[in-house]
1. If you average over every viewing direction, what projected area does the convex hull of the Cα atoms of region B:120-204 give, in nm²?
2. Keeping to pairs on different chains or 8 or more places apart, tell me how many lysine pairs in region A:8-460 have Cα atoms under 22 Å apart.
3. What's the magnitude of the charge dipole for region A:321-388 around its Cα centre, counting Lys and Arg as +1 and Asp and Glu as -1 at the beta-carbon? Answer in Debye, nearest 20.
4. Using alpha carbons only, how many degrees (0 to 90, rounded to 10) separate the axis of helix B:120-132 from the longest principal axis of chain B?
5. Once you charge only the Cβ atoms, +1 for Lys and Arg and -1 for Asp and Glu, what is the size of the charge dipole of region A:405-461 about its Cα centre, to the nearest 20 debye?
6. In nm, give the distance between the simple-model label positions of A:Arg248 and B:Glu135, each being 7 Å from the Cα along the Cα-to-Cβ direction.
7. Give a residue-ordered list of calculated ³J(HN,Hα) values for region A:95-108 (Karplus: 6.51 cos²θ - 1.76 cosθ + 1.60, θ = phi - 60°; whole Hz; x for Gly, Pro).
8. Among A:Met98, A:Gln147, A:Leu110, which residue has its Cα positioned farthest towards the positive end of the charge dipole of region A:88-166, with +1 placed on the Cβ of Lys and Arg, -1 on the Cβ of Asp and Glu, and the dipole taken about the Cα centre?
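Computed from the coordinates by the stated procedures, all read-outs in this text should not be read as laboratory data. Computed from a predicted structure; not experimentally measured. Every residue, glycine among them, receives a Cβ derived from its backbone with ideal geometry; neighbour counts consider all protein chains shown.
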Amino acid sequence: MTGHAGHTMTTLSRTLAGALIAVAFWAMAPTASAVPSFARQTGMACEACHTVWPELTHFGRMFKASGYVIDNLKQVKGVTPQRDEILELSSLPPLSLMVQVSGTQLSKPLPDSAVNAKSQNGTIAFPQQVSLFYAGKIAPHVGAFIQLTYGYDSGTIGIDNTDLRYADLAVLPDDQSLIYGLSLNNNPTIQDLWNSTPAFGFPYAASASAPGVPYGAQIDGARGQDVAGLSAYVFWNESLYGELGMYRSAKQGTTGPLDSTTAGGVLKGGAPYWRFAYEHNFGRHSIEAGVYGATFEIFPDLGAGFGQPLAGPADKYQDVAEDVQYQFVGDQHLVSFEATRIHESQTLNATFAAEASDSLHNDLTTLRAFGTYYYKRKIGGTVGYFSTTGSTDATFLANASGQPDTKGWIAEVNYLPWLNAKLSLQYVNYSKYSGLRSNYDGAGRNAGDNNTIYALVWLSY
Amino acid sequence: MMKRSLTAIAVACALVVGVARADDPDPIARATATRLAVGVCGTCHGPRGISQQPKYPRLASQNANYLAAQLKAFRGQTRGDPDAIGYMWGMAGNLEDSTIDALAQYYASQPAIVGRHADAALVARGKSIYEQGLESGGVPACAACHGPDAHGVGDFPRLAGQHAQYVLKQLNSFQTNMRNVAVMHGVAQGLKSDEMSAVAAFLEAQP
């Protein structure tokens, strides 16, 4: 802690930072998806690639690593006289639609955003989200997962998670496999194969009208659809996975070139991304352990009037994470467990210089662990624990306690009348929110007041 | 005369070589099949056809005729057990005959392994049923068609070393006619659940 607090500017930046964080995380409702167009393309039922969507089985991971190109449809083909393939198009475009309809009930309604009153409780989102996917093969060795989403909260249609891939296979001596490929995507970890990493991690869907976890690492969804990255990966013998990549700011809804007025901050140069994992399959069991991380240098957005030129000091966020996954995939019983711990070291060169943080160095640690059981892929549920802790910095975090600590547990029951339809009831319980159990906002609101019941109808077709 | 003899020998050699080549899959089909086996099929059926997951059958050393017939049955959607519908109808849906033959040859030429050894008493009971059948249930000896060593005969599949859980699931599918094979439906109808388990355990332990 240093003595920067108390400046007029600090008060302003606190307000603005608070607003930005709120916007960032409210907009961060997960959009994990399963895509029936893959089923149409492969002719295989959802169960081949998913335990219950969107969680992937080993085959699903291989399908993704192989570039979404495994197909069993009649193809429109072009070949050279040497029989090299120069065109391969599915006779039907791999399109899918996803619809989410939800209801959200908070333990206590949130304060009105303008006057001294309560907001409405019992928010109905019809639809919460509608997504159109182009997901499947687009050429030999090239596949796409492109999601266009209408969100009820934004009221607009925008680009959502997108992952374009090139992949090929080398047959090594003794018929061992080596898949190698490239991924061009817009959300760090969206390209990952395991459900223990953020982009396709639990909860797979969450309310867009309930207060979520207010602080998170950059790699933990904060940069989703805000960057573009190219990574190269190898997957040896279906067990050892390595990936290196680089992300760069790629804003949507902003006229380029990016400058000091760009909302949400701009990455300085490229942000390196890395991922290594080992998977072992035995019998009906599959285990994975891995590490991943990225380093983001950001010219921060400190709000109107405090535009930072895209030069000089930048905030540095160094994210290092570990993850594990276990799956048992039986015909009747399916069990899985996923966990990740993300540690972020923050060196706030620009923010601190602008007196918008108390400290130059902060850190943030997020832990999530969740276990899932399904009976015959029909009925099941998940119980999970989440915790975010970190340095005290009242100016930077813009909250009453000066701490980011937010902890709780989440439980969800699901019923799938058909493999592509999911009815969910989710409960989120907070034991701590923004550093405090009670009166976390200085206006009498307790962590438990944010406890959320969330009912969801989720259809994919 | 000498020249005529040499020509005859050369023609004979060419014919022999020609016949040998006709038996082999087309080199392009063979390369396609190897890539498919390593990059796609192997994800479930294991490297070189030795699957570790009992849900998916081991294909190493399987009878090529049987493999080709099954792939064609998947492609034609005539094999109707649940995993065939969910997985293989799609997977085999677009395979050409030449690729099917090359895949069958690929797996037929892979070395088999011995499966898991189960309870000795169970295996012994299974051996008895396999070799002698069950007079009470009207069940013929499995060995009569699948061979005394369970390596398969003609179009009848190899069963030695197969996952017991897979064999059990197939016997149940034959019994309920989800997998519609008249001969096996008749055989499986005479088998009780514990007898199926014994035969499956015996087969998994066979080299």
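1. Its Cα hull, projected and averaged over all orientations, spans 4.8 nm².
2. 14
3. 600 debye
4. 60 degrees
5. 60 debye
6. The two pseudo-label positions are separated by 8.3 nm.
7. Karplus-based 3J(HN,Hα) across region A:95-108 equals 9, 9, 10, 10, 10, 10, 10, 9, x, 10, 10, 8, 4, 9 Hz.
8. A:Leu110
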